[in-house]
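*Asks:* Before I ask anything, here is the structure I am working with.
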Amino acid sequence: MSNSERRILVAEDNAALASVVRFNLERAGFQVTVAYNGRLAWEAVQEDDFDLIVTDQQMPEMTGCEFCEKLRTLDAYRDKPVIMLTAKGMELELPRLKAELGIAATFLKPFSPKEIVTAVEDHLEAVSEPVSP
Amino acid sequence: MLARSVKVELPRRVVVCYLLYSLVAILWLAVSAVFVTKSIVVRNMEDELLSYLQHASTLTALEIASQDDPQLQTLVERFSRERSLLFCAFVSNDNSYEAHSRKRLVGKTHDAENGITTRHGDIEAVRYTSGSLKIREYNASIHAPTGIAGRLIIAKAEPSTGEMTRMVTRHAFVVVCCPLLLVVLGCFTLHRLVSPMASVDSQLRQAAIAPTLADVELSPIKSRGPNVLGWNRIVREFQEENTQNSLDQRLGDAVRTLRQGKSDDILNSLPEGIAVSDQDGIITFANQSMAALLAADAQVDSLLGKSVEVGLGLNSEQASGLALFDPDRFARQVAEELERGDGEAKQVLRIARTPIRTSENATCAGQVWTVRDITQQKLADAMRDQFLDNATHELRTPLANIKAYAETLSMGDDLDVESQKEFCNTINVEATRLARFIDDLLSVSSMEAGSLTLHKQGVDLDRMFSEVVGKIKSQMDKKQLDFETIFPAKYPQTKLDKDKVNVALVNLLGNAAKYTPDGGRVRFEVKITDREIRIEVEDSGVGISEEELPRIYDKFFRSSNPSVQQVTGTGLGLSMAHEVIKLHNGDLTVQSALGEGTTFIATLPLE
């Protein structure tokens, strides 16, 4: 499956950051949808089927973790990779997030967009490998 | 009896003694005088009678020798008369009275009287008692030419003691009155000499019975003499020492009282609660702060006698979970934090327990407990943590944008000029945002240090308010808020620190924008009066609860309202706005209802 068939949801309240992440992911060939807060992201996943989700932790109306918890209640998203962006590295521990919410990776702001793209590609391959012949 | 005698003063006692002995001596003298006089008188009488008898004998012998008919009767009567004799007689050789002064006895036989007989040459003396009279009788032989013619007898009664007393009494003035007079004079002299000693005596008696010497009131004597001077000197030095001592004692007492009172005052004025418990864990001392922290009625007495657990309001189960009450650790110092109550009444106490040791290695005699209310400190800590969290977010977010855009720019050869421009612009905006936040941080640190200063200058108010609106407009538009601005047609000249007022107003409007839901309403109105600029910022946002209103200007304070929590913020905006307006001698007031909206009214005096 090529990148162009992959649908990615970016949940980020900071428009500029959402925009640059979107730009980089689109440049890598993915189809990107942006939601500007947790609630909008939750609405988006219910309407559409995304292959991977990049979400900010601190967002109005619903935090990244809350969104993630809800996401895992949906059958379609039980095992979908989620990459979390955060400005508060200290209080978010990756092992706990991985264990409880199945977060695939966390990125502490400021992060490199290139690394995000690489991480997205890696996790999509990891998910798709068992399915491929 | 003794007690009564004790009351008699010394001079009187001395005088009485003196008088008593003197009188006895005078009496003795008087009696002696009587007897001495009597013996002298008797001796004289004897000598006189002896010589008279010799004279009478000679006359009688002459009469017998010269006369044929001697008139012996006449002679004896004359002799008796001349010397007031008891009697005078002439006894012939036949032992009969040939003549006798008592005529009826003439011719009668002379009976020799029984008595003490002594001889004085030829003269025989007989001393005898007849009735109440002591009689001395003397006889001498009368020699005639024919031999012994007979014996001449003369007798006289000794003077009686009564007679002697009467004799002495006749000289009483000399014998008794003179000594008496001298004795009385002696009394006065003695009294005068002794009276200063009386004062000493009574003071010495006081000294004998007083519990301490300090209680004795020694007084100087108003008299002269070396002994008085000596006594007065002793008294003076004693009084000086006493005064010094009592002064020392009073000073000591005062200092002790002061110290005692002071240490109590010190303990009571400490903000920390201090209590002492004995070996059984029973509170034996607590200061005011301890009572205020723990006792329901804030009375120290209601804590005393209770166990520490009860004083802290813990049940045995809660207490056993605390290291403070672990018996294995009683010998060591332990400090713990304890949360009490819920919600608004929630209290965080820091409790430290230190064992009291009377000496090294001794078993502990009890515990000293110190309790501090660290609720405010905890809140402040939480607020600071929150701020650090928020500050980190505020710093990282623009930084993330800058890095992401810069990296994207540097990697992308395929970017069109338009996109490059847009990216650079974003980098610029984010850098500005970062700079502004750093400015805020610096302002806060200035506020913390109290060194936030104003740089006032003439301001074009119209332009300033336009700038504020320009800065906030995009934020309003993003949330589709109905942003209403009402400005006066004309502005007066005034002096302000334009930059700081600008920041304060942006903060107020920024809050209105941040905490008003999409599609809400914000009104920004400026009114000019004679003396001040009145700026109102009204929103239809989440509002502020009544409990939180007093704290909104606290640094780092952020509402616990979830609608506020989900929006990032530093808790510094309002604090800064308040500070800036206060520095301009203005005022910032707020009216708010939860869920309905908030109105901030800032007033700045015209200069």
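The values are calculated or read from the model by the stated rules, or taken from the named source; none is laboratory data. Worth saying up front: this structure is predicted, and the values here are computed from it rather than measured. Because the Cβ atoms are built from the backbone with ideal geometry, glycine has one as well, and the counts that use them run over all protein chains shown.
*Asks:* The conditions are (1) assigned to a helix (DSSP H, G or I); (2) touching a residue at least 24 places away in the same chain (Cβ under 8 Å), and B:CYS88 fails exactly one of them. Which is it?
*Replies:* Of everything listed in (1) assigned to a helix (DSSP H, G or I); (2) touching a residue at least 24 places away in the same chain (Cβ under 8 Å), B:CYS88 misses just condition (1).
Okay, residues lined up against (1) at pLDDT 90 or above; (2) among the aliphatic types (A, V, I, L, M):
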residue: A:MET62; (1), (2): no, yes
residue: A:THR106; (1), (2): no, no
residue: A:LYS109; (1), (2): no, no
residue: A:THR118; (1), (2): yes, no
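*Asks:* Looking at B:THR189 and the list (1) assigned by TED's automatic domain parsing to the domain that holds B:ASP248; (2) farther than 25 Å from B:LEU247 by Cα, which single condition is not satisfied?
*Replies:* (1)
*Asks:* Keeping to the range B:409-421, report how many residues are in contact with a helix residue (DSSP H, G or I) (Cβ under 9 Å, 6 or more places away or on another chain) and either at the interface with chain A (Cβ under 9 Å from one of its Cβ atoms) or outside any helix (DSSP H, G or I) (or both).
*Replies:* Count: 5.
*Asks:* Considering only the range B:546-571, state which residues are part of a helix (DSSP H, G or I) and more than 14 Å from chain A (Cβ to nearest Cβ).
*Replies:* B:LEU549, B:PRO550, B:ARG551
*Asks:* Conditions: (1) out of contact with any Phe, Trp or Tyr (no Cβ under 6 Å at 6 or more places or on another chain); (2) surrounded by 10 or more Cβ atoms within 10 Å (Cβ to Cβ). B:LEU218 meets all but one. Number of the miss?
*Replies:* (1)
*Asks:* Within the range A:88-104, track down each residue that is closer than 25 Å to B:ASN401 by Cβ and modelled with pLDDT of 80 or more.
*Replies:* A:ILE103, A:ALA104
*Asks:* What is the number of the single condition among (1) exposed (fewer than 12 other Cβ atoms within 10 Å of the Cβ); (2) more than 16 Å from B:MET164 (Cα to Cα) that B:ILE40 does not meet?
*Replies:* (2)
So that you can scan it fast, the table gives a plain yes or no per residue for (1) within 30 Å of B:LEU583 (Cα to Cα); (2) among the polar types (S, T, N, Q); (3) within 12 Å of chain A (Cβ to nearest Cβ); (4) without any contact (Cβ under 8 Å) to a residue 24 or more places away in the chain:
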position: B:THR370; (1), (2), (3), (4): no, yes, no, no
position: B:THR392; (1), (2), (3), (4): yes, yes, yes, yes
position: B:ILE402; (1), (2), (3), (4): no, no, yes, no
position: B:GLU407; (1), (2), (3), (4): no, no, yes, yes
position: B:VAL429; (1), (2), (3), (4): no, no, yes, yes
position: B:SER443; (1), (2), (3), (4): yes, yes, no, no
position: B:LEU452; (1), (2), (3), (4): yes, no, no, no
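*Asks:* Sticking with this structure for a sec: Of the residues that make up the range B:172-187, is at least one closer than 30 Å to B:ARG236 by Cα and either at pLDDT below 85 or surrounded by 14 or more Cβ atoms within 10 Å (Cβ to Cβ) (or both)?
*Replies:* Among the residues of the range B:172-187, not one is closer than 30 Å to B:ARG236 by Cα and either at pLDDT below 85 or surrounded by 14 or more Cβ atoms within 10 Å (Cβ to Cβ) (or both), which makes the answer no.
*Asks:* If you go through the range B:112-167, how many residues are part of a helix (DSSP H, G or I) and β-branched (Val, Ile, Thr)?
*Replies:* 2
*Asks:* Can you name the residue in the range A:19-47 that is in a loop (DSSP other than H, G, I, E, B) and more than 14 Å from the chain's Cα centre (by Cα) and, of all such residues, is nearest to the other protein chains (Cβ to nearest Cβ)?
*Replies:* Once the filter is applied, the top-ranked residue is A:ALA28.
*Asks:* Another question about this same structure. Please indicate, with yes or no, whether at least one residue in the range B:63-70 is modelled with pLDDT under 85, surrounded by fewer than 18 Cβ atoms within 10 Å (Cβ to Cβ) and charged (D, E, K, R).
*Replies:* Yes, the range B:63-70 contains a residue that is modelled with pLDDT under 85, surrounded by fewer than 18 Cβ atoms within 10 Å (Cβ to Cβ) and charged (D, E, K, R).
*Asks:* Hey, can you tell me all the residues within the range A:70-90 that are farther than 14 Å from A:GLU100 by Cβ, away from every other protein chain (no Cβ under 14 Å) and either surrounded by fewer than 16 Cβ atoms within 10 Å (Cβ to Cβ) or in contact with a strand residue (DSSP E or B) (Cβ under 6 Å, 6 or more places away or on another chain) (or both)?
*Replies:* A:LEU74, A:ASP75, A:ALA76, A:ASP79, A:PRO81, A:ILE83
*Asks:* Considering each residue of the range B:334-376, count those that are at pLDDT 85 or above and in a loop (DSSP other than H, G, I, E, B), and give that number.
*Replies:* Total meeting the criteria: 1.
*Asks:* Give the residue that is surrounded by the most Cβ atoms within 10 Å (Cβ to Cβ), with candidates limited to residues of the range A:91-116 that are of a type outside the set (D, E, K, R) and within 11 Å of another protein chain (Cβ to nearest Cβ).
*Replies:* Step by step, filter the range A:91-116, then rank; the result is A:PRO113.
*Asks:* Going through the range B:512-529 one residue at a time, which ones are out of contact with any strand residue (DSSP E or B) (no Cβ under 6 Å at 6 or more places or on another chain), touching a residue at least 12 places away in the same chain (Cβ under 8 Å) and surrounded by fewer than 16 Cβ atoms within 10 Å (Cβ to Cβ)?
*Replies:* Residues satisfying the conditions are B:PRO517, B:ASP518, B:GLY519.
*Asks:* If you don't mind, there's one more thing I want to ask. Give the range A:8-67 a look and list any residue that's hydroxyl-bearing (Ser, Thr, Tyr) and surrounded by fewer than 23 Cβ atoms within 10 Å (Cβ to Cβ), or say none.
*Replies:* Within the range A:8-67, A:SER19, A:THR33, A:TYR36, A:THR63 meet the criteria.
*Asks:* Out of (1) surrounded by fewer than 17 Cβ atoms within 10 Å (Cβ to Cβ); (2) farther than 18 Å from B:GLN377 by Cβ; (3) of a type in the set (Lys, Arg), the odd one out for B:LYS346 is which?
*Replies:* (2)
*Asks:* Could I ask something else about it? Filtering the range A:7-18 down to residues that are within 11 Å of another protein chain (Cβ to nearest Cβ) and not in a helix (DSSP H, G or I), which residue is modelled with the highest pLDDT?
*Replies:* Among them, the one singled out is A:GLU12.
*Asks:* Filter the range B:282-307 down to residues that are under 20 Å from B:LYS346 (Cα atoms) and at pLDDT 80 or above and give me whichever is surrounded by the most Cβ atoms within 10 Å (Cβ to Cβ).
*Replies:* Filtering the range B:282-307 for residues that are under 20 Å from B:LYS346 (Cα atoms) and at pLDDT 80 or above, the one surrounded by the most Cβ atoms within 10 Å (Cβ to Cβ) comes out as B:MET290.
*Asks:* Could you check the range B:519-534 and list, in sequence order, the residues that are among the acidic types (Asp, Glu) and farther than 16 Å from B:ASN507 by Cα?
*Replies:* Across the range B:519-534, the qualifying residues are B:ASP530, B:GLU532.
*Asks:* Kindly check whether there is at least one residue in the range B:533-544 that is surrounded by fewer than 16 Cβ atoms within 10 Å (Cβ to Cβ), assigned to a loop (DSSP other than H, G, I, E, B) and out of contact with any Asp or Glu (no Cβ under 9 Å at 6 or more places or on another chain).
*Replies:* No: the range B:533-544 contains no residue that is surrounded by fewer than 16 Cβ atoms within 10 Å (Cβ to Cβ), assigned to a loop (DSSP other than H, G, I, E, B) and out of contact with any Asp or Glu (no Cβ under 9 Å at 6 or more places or on another chain).
Each row is one residue, and each column tells you yes or no for (1) surrounded by fewer than 13 Cβ atoms within 10 Å (Cβ to Cβ); (2) in contact with a strand residue (DSSP E or B) (Cβ under 8 Å, 6 or more places away or on another chain); (3) over 22 Å from B:PHE285 (Cα atoms).
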site: B:GLN318; (1), (2), (3): no, no, yes
site: B:PHE330; (1), (2), (3): no, yes, no
site: B:VAL334; (1), (2), (3): no, yes, no
site: B:GLU339; (1), (2), (3): yes, yes, yes
site: B:VAL371; (1), (2), (3): no, yes, no
site: B:THR375; (1), (2), (3): no, yes, yes
site: B:ALA380; (1), (2), (3): no, no, yes
site: B:ALA391; (1), (2), (3): no, no, yes
site: B:LEU395; (1), (2), (3): no, no, yes
